[in-house]
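Visitor: Please find one structure pasted underneath; my questions will follow.
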Amino acid sequence: MRVFWAGLLWLMLVVPASAQEFRPQVLIIDSDRLYLESDYGRRVAADLAAQAEEIQAENDRIVESLTLEERSLTLRRPQMTPEAFRAESEAFDEKVQEVRRVRDAKNLEFQVANAEARADFEERVQGILANIMLERGAVLVMEQRSVLLSIRAANITEAAIARVNAELGDGTE
């Protein structure tokens, strides 16, 4: 009996895929590749990278300004009374804390914008993925990271990238 099943398995593997007309019912997508390799995803990523660079440049300018201010206070300390130094030092510390709060808020705002941009992308491409699924007679599309083992024909990432590029371009209206 084992010989029969082994032979049947061998026949299934040897017969070319075109002769079998195999159509997977579960499709696989690498959503990270879809995002990073489609024109739309690349444009969004470039926009976000430009924003991140602006934030970093602003942070660098602020750090430089605060460093100069701290250095000035340190150099002036010998000529100051302890009370005057303490007052300026406390004012400087408050300023630093306020700057830190503002920068943290700006960083959080950027993270939210990043997450929203990715969610908008995923929402806009969902219909395209659904159409590919229906065209191929599949019932489910799974994320690549969740798949342990699959056949190449089940992965629609390349087709999805091409379709997103054709239908959405870089995502600008």
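The values are calculated or read from the model by the stated rules, or taken from the named source; none is laboratory data. None of the values given here were measured: they were computed from a predicted structure. Every residue, glycine among them, receives a Cβ derived from its backbone with ideal geometry; neighbour counts consider all protein chains shown.
Visitor: Got a number for residues in the stretch 47-75 being loosely packed, with under 11 Cβ neighbours inside 10 Å and hydrophobic (A, V, I, L, M, F, W, C)?
Guide: Going through the stretch 47-75 one residue at a time, the tally reaches 5.
Visitor: Moving on. In the stretch 101-129, which residues are over 15 Å from the mean Cα position of the chain (by Cα) and exposed (fewer than 12 other Cβ atoms within 10 Å of the Cβ)?
Guide: Within the stretch 101-129, Arg101, Val102, Asp104, Ala105, Leu108, Gln126, Gly127 meet the criteria.
Visitor: Of the conditions (1) closer than 30 Å to Ala52 by Cα; (2) part of a helix (DSSP H, G or I), Ala87 satisfies every one except a single condition; which number is it?
Guide: Of the numbered conditions (1) closer than 30 Å to Ala52 by Cα; (2) part of a helix (DSSP H, G or I), the odd one out for Ala87 is (1).
Visitor: Just to be sure before I move on: is Arg43 in a helix (DSSP H, G or I) and either over 30 Å from Ile161 (Cβ atoms) or modelled with pLDDT under 95 (or both) in the structure I sent?
Guide: Details: in a helix (DSSP H, G or I): yes; either over 30 Å from Ile161 (Cβ atoms) or modelled with pLDDT under 95 (or both): no.
No; evaluated as a whole, the condition is false for this residue.
Visitor: Would you be able to tell me the number of residues in the stretch 145-173 that are at pLDDT 90 or above and crowded, with 16+ Cβ neighbours inside 10 Å?
Guide: Matching residues across the stretch 145-173 total 11.
Visitor: Let me ask another. Could you please find all residues in the stretch 21-38 being part of a helix (DSSP H, G or I) and surrounded by 15 or more Cβ atoms within 10 Å (Cβ to Cβ)?
Guide: Correct list: Ser31, Arg33, Leu34, Tyr35, Glu37.
Visitor: Between Ala154, Ala162, Ala113, Ala138, which is farther than 18 Å from Asp30 by Cα and small (Gly, Ala, Ser)?
Guide: Details: Ala154 fails: farther than 18 Å from Asp30 by Cα; Ala162 fails: farther than 18 Å from Asp30 by Cα; Ala138 fails: farther than 18 Å from Asp30 by Cα.
Matching residue, one of Ala154, Ala162, Ala113, Ala138: Ala113.
Visitor: Tally up the residues in the stretch 76-100 that are of a type in the set (Lys, Arg), surrounded by 13 or more Cβ atoms within 10 Å (Cβ to Cβ) and under 18 Å from Gln56 (Cα atoms), please.
Guide: 0
Visitor: Sticking with this structure for a sec: Of the residues that sit in the stretch 141-152 and are over 23 Å from the mean Cα position of the chain (by Cα) and of a type in the set (A, V, I, L, M, F, W, C), which one is farthest from Glu173 (Cα to Cα)? Can you show your working first?
Guide: Step one: of the stretch 141-152, the residues over 23 Å from the mean Cα position of the chain (by Cα) are 149-152.
Restricting the remaining residues to those that are of a type in the set (A, V, I, L, M, F, W, C) gives 149, 151.
Working: Leu149: 39, Ile151: 36 Å.
Only one residue tops the list, namely Leu149.
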